[in-house]
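In what follows, a single structure is set out as structure tokens and then discussed.
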Amino acid sequence: MSLILIVDDSPTEVHVMQKALESRGYQTVAAGDGAEAILKAKAMKPDLIFMDVVMPGVNGFQATRKLAADPDTRTIPVIMVTSKDLETDRIWGMRQGAVDYLVKPVSMDQLIEKAQAALAG
């Protein structure tokens, strides 16, 4: 069973995403900011990370860059899930190491589809 790390400072967003993913048989764990995400990714080695961008402290761009640069975590796919919808944000997110970029609000079908695609390799 695949483990997905959901990184978002909104408990509501985390709950909605967890509910959707767990209903499809995925295990989930959550982190409230980028620093916590880095620690959990290193400790738990999730199969996929959904990463918000706008968070206190270490933001999603910074966390993704650190994960992509670390030999222990660089093979974990990161999908940005954010309200930042400018093309420059998307390009920057991909340059930090993200494999995909979703703009909120994300439909749960879209979330599941992206998870399946990322986990399939």
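Laboratory data are not the source of any read-out in this text; all were calculated from the coordinates shown. As the structure is a prediction and not an experimental result, all values here were calculated from the model. Backbone-built Cβ (ideal geometry, glycine too); neighbour counts: all protein chains shown.
Using just its DSSP H runs of length 4 or more, each adding -39500 (n - 2.57), the chain gives a mean residue ellipticity at 222 nm of -14500 deg cm²/dmol after division by all residues. Averaging the inverse of every distinct alpha carbon separation and then flipping it gives the Kirkwood radius. What is it for region 11-75, in angstrom units? The Cα-based Kirkwood calculation yields 12.3 Å. The value of relative contact order for region 3-120, using C-alpha pairs under 8 Å at least six residues apart, is 24 percent. Cross-link partners for residue 40 among the lysines, with Cα-Cα distance under 16 Å and sequence neighbours closer than 8 places in the same chain left out: 66. Taking the Cβ of residue 2 as the centre, find all other residues whose Cβ is under 14 Å away and add up their charges (Lys, Arg: +1; Asp, Glu: -1). In short, +1. A straight chain from residue 23 to residue 104 at 0.36 nm per residue would run longer than the Cα-Cα distance by 27.1 nm. If you average the C-alpha positions of region 70-85 and of region 1-41 separately, how far apart do those two centres end up, in angstrom? For region 70-85 versus region 1-41, the Cα centre distance is 13 Å. The dipole here belongs to the chain: it is taken about the Cα centre, uses +1 on the Cβ of Lys and Arg and -1 on the Cβ of Asp and Glu, and is about 280 debye.
Summing Lys and Arg as +1 and Asp and Glu as -1 over all other residues whose Cβ lies under 14 Å from the Cβ of residue 34 gives a net charge of -2.
Remark: region 77-89, residue by residue, has Karplus-estimated 3J(HN,Hα) of x, 10, 10, 6, 10, 8, 7, 6, 10, 6, 4, 5, 5 Hz, where x stands for each Gly or Pro and the curve is 6.51 cos²θ - 1.76 cosθ + 1.60 at θ = phi - 60°.
Calculated from the structure at hand, log10 I(q)/I(0) by the Debye sum over Cα atoms at q = 0.11, 0.15, 0.16, 0.22 Å⁻¹ is found among [x] -0.45, -0.77, -0.84, -1.15; [y] -0.53, -0.76, -0.82, -1.20; [z] -0.29, -0.56, -0.65, -1.35 as [z].
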